[in-house]
1. Between residues in the range 146-159 that are under 28 Å from residue 136 (Cβ atoms) and assigned by the TED database to the domain that holds residue 96 and residues that are of a type in the set (S, T, N, Q) and more than 6 Å from the ligand (Cβ to nearest atom), which pairs lie under 6 Å by C-beta distance while being six or more apart or on different chains?
2. Out of the residues in the range 219-237 meeting the condition of being open to solvent by less than 50 Å² (accessible area, probe 1.4 Å) and in contact with a helix residue (DSSP H, G or I) (Cβ under 6 Å, 6 or more places away or on another chain), tell me which one is farthest from the ligand (Cβ to nearest atom).
3. So residue 119 passes all but one of these: (1) within 14 Å of the ligand (Cβ to nearest atom); (2) buried (at least 20 other Cβ atoms within 10 Å of the Cβ). Which condition number does it fail?
4. All but one of (1) within 16 Å of the ligand (Cβ to nearest atom); (2) surrounded by fewer than 19 Cβ atoms within 10 Å (Cβ to Cβ) hold for residue 190; state the number of the condition that does not hold.
5. Which one of the conditions (1) assigned to a helix (DSSP H, G or I); (2) more than 29 Å from residue 104 (Cα to Cα); (3) away from the ligand (no atom under 16 Å from the Cβ); (4) in contact (Cβ under 8 Å) with a residue 24 or more places away in the chain does residue 295 fail to meet, given that it meets all the rest?
6. Only residues that are open to solvent by 30 Å² or more (accessible area, probe 1.4 Å) and closer than 23 Å to residue 176 by Cβ: list them for the range 335-350, please.
7. Looking only at residues that are more than 16 Å from the ligand (Cβ to nearest atom) and touching a residue at least 60 places away in the same chain (Cβ under 8 Å) in the range 93-114, which one is surrounded by the most Cβ atoms within 10 Å (Cβ to Cβ)?
8. Determine which member of the set 432, 451 is outside the structural domain of residue 597 (by the TED database), of a type outside the set (Lys, Arg) and modelled with pLDDT of 75 or more.
Amino acid sequence: MWHCSGTSILEVVILMGFSYCFFKIEKYNLAFKIVCTESRLVRGMLVNHGFHEVHPNSNDFNLMWTGSHLKPYLLRSLQDFQKVNHFPRSYELTRKDRLYKNIQRMQQTHGLQNFHIVPQTFVLPAEFQEFSSSFSKDKGAWIIKPVASSRGRGIYLVSSPSQIPLDENILVSRYISNPLLIDGFKFDVRLYVLVTSYDPLLIYLYEEGLARFATVKYDHATANIKNQFMHLTNYSVNKKSSDYVSCDDPEVEDYGNKWSMSAMLRYLRQEGKDTTLLMGQIEELIIKALLSAEIHIATACKMFVPHRCNCFELYGFDVLIDSNLKPWLLEVNLSPSLACDAPLDLKIKASMISDMFSLVGKFAFSQSQSLSRNPDQSLTTSPQSHVVNRQRLPSANSADPEAQREKPGAKLAESTLSLTAEEMKVLRRAQEEYDRRGGFVRIFPTPDTWELYSFFCSLISWLFVLVPPSCSKVQARMAFSSYLHRVQLRLLAESRANMGPAWTQKEHDQMELVIRFLKRASSNLRQDMCLEEPSRQLCLSDRQRILSHQLGNFIQLYNQETKQMVESLDKIPDEDRCINSNVFQEFILEASENDLEEVLTFYTQKNKSASVFLGTKCDSSRVERNRESDPLETDNLPLHPMCACGLSFSYFISSLSLFCPTVSQKPSLSKSRPGSAGLLKETDSLSAQAQSNQLAIVSALRKLVEKQAARQYSTSSHISLLTQHVSHDLHIRYMFSFSNITA
Ligand code: ADP
């Protein structure tokens, strides 16, 4: 068997065709230390990239790689350029008893069916009674594990409670007796999961993993219960078996007792198994396990970790797949083995570690250098891409005086999304991480996983500002009505203030737009509305007053239609998936015109339709015409959503924005946003609209979200339920669509 121990990792890497000798960063004087672990791979890789190793007691390091949990005082002393490879209280995940307790808590809160990701487990001796009663209902094999051990140590199967010692803390789990077999052998899967932040939670799953096989064919007869080589899949157990088969060729990934995960998936696919579904379920299991410990770890970070970027963590998730293709989480490893006993280990782990350093730190390797995937790629990178940590942005911690000094960031935040400098920094960091992700796949949050699992988040983090909730149709109409009402009031106020005779061409155009809007919108009402166009001979203030009155009439009829709509429906479609009506009412009452405009613009964009609040009575021939016509040049302000693919509302909003100086004066949002006056002059593409709409909606919904967050922290359980209800409904517009502003 081929071993790399004793040989320099780098020699091995080169032997295998990898070449990690790209950009050296000695001149930046980057230092690392390795504590409580012996990782040749990590050391070799860092040294080869110009890091130098310092003594384990030294505090002068950029990266600390440790095999154990960190003491709070060590964490507290970290500076902003220092990183460690563990979060505080990670044992909430990596200790078997804590993991199970956390998942059990989620089962109790959210229902067993939502967190049925681990085999039923009891912590003994405390829960012996419960275990005995479970056992008597459903006899079968159980597996005994020490609460905090690894590598199969102390693990054995029992078929009766009498075989269980009661003098030590142990875990007893229902044994999955129907594992999926390959060639008759049981196997489990090791997955590498990287978390770079718990608040907000950011999870990456490495694209490759390992399948580890037992060495004796599986037979669940009780007589074999003591055969560890059959029931346990740990490498450390099975390597002792004379039947263990290793593979010396890194290119062969499906031979012997250790396969690559992709080879295993390929095999299953050939067998007709739905591996896409399987991987989806595995991702679900990973996300849910992390969510179950999220609150503990995030709280510990707040208490002990001085800077947001100090911690990252690579977890080893062990998953067993049963014959129904259901994955079960067996355990989460604190420091997954990086030993490279076989070429396949090195191939996967070296690549994974390289990508991990690239992702977590600016000092590390860029994604283009993930050579295992593209060995021929050129390896030159500019020194700038490896900016040293010591020069990185000041701390995210608001208490940090350096953070106060970060004027440009603060300004940017202020002028774009009303995000704070800190929030912008987190966005920027997440964007940068994503750009450097290499073989890591971000699994949370993504639009899909957010929709599916954000409901289970313990924290309503500020990240929610990026996740606009959806409105029901009725809510969209309410928002629209409120919006018009505010415009109406503004017209009235302006008519009172604007008594002078002179008026500009711009004001004239604004009036025309509102008149055109009213003409079209009133024709879409079910009830006839008598519209009097104010004479052009009248002075501006009179015209404004008349228009305000007309708008008031329109709103009244419009509200009646909304009321009829509510009455005609037993149940508002999708009501249960929408923002809680009380919360929404409150939002509507307090929202500014701009806020409402943003909500409506987003709703239109999201549904590709404004018909709900603009009406649908226009005929198709007009629709076609409208699509091609310029609303400024003709009398065809497009109101029908289908005809303008989401443009109609923007044009409509444009017309009203002209009437609302405060809206169009808003610095950055209105610059490119479809709802702004600027767009009337230059028609942007839809994709640009989509992007700017996303930006625009953020600031309005942020207020709503903050309100929800404030509620969640109150003690009342119904309020927290409400928050969960709302968060369940959130539709992510993930941060990475904001690259333009975060760059
Ligand atoms: P360790 O930390 O010692 O590796 P694990 O929980 O991963 O502990 O268990 C070791 C092995 O035992 C697993 O790799 C798996 O093969 C087997 N195993 C553990 N729990 C179960 C279970 N509930 N059902 C079936 N097999 C299990």
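The values are calculated or read from the model by the stated rules, or taken from the named source; none is laboratory data. The structure displayed is predicted, hence computed values, not measured ones. Glycine gets a Cβ as well: all are built from the backbone with ideal geometry, and neighbour counts include every protein chain shown. These area figures cover heavy atoms from the full protein model, side chains too; ligands, DNA and RNA do not enter into them. Shrake-Rupley method; radii C 1.70, N 1.55, O 1.52, S 1.80 Å.
1. Sorted first by the residue in the range 146-159, then by its partner, the pairs are 147/169; 159/222.
2. 224
3. It is condition (2) that residue 119 fails.
4. Going through (1) within 16 Å of the ligand (Cβ to nearest atom); (2) surrounded by fewer than 19 Cβ atoms within 10 Å (Cβ to Cβ) one by one, residue 190 breaks only (2).
5. All conditions are met except number (2).
6. 337
7. Ranking the candidates gives 106 first.
8. 432 is the lone residue from the list that is outside the structural domain of residue 597 (by the TED database), of a type outside the set (Lys, Arg) and modelled with pLDDT of 75 or more.
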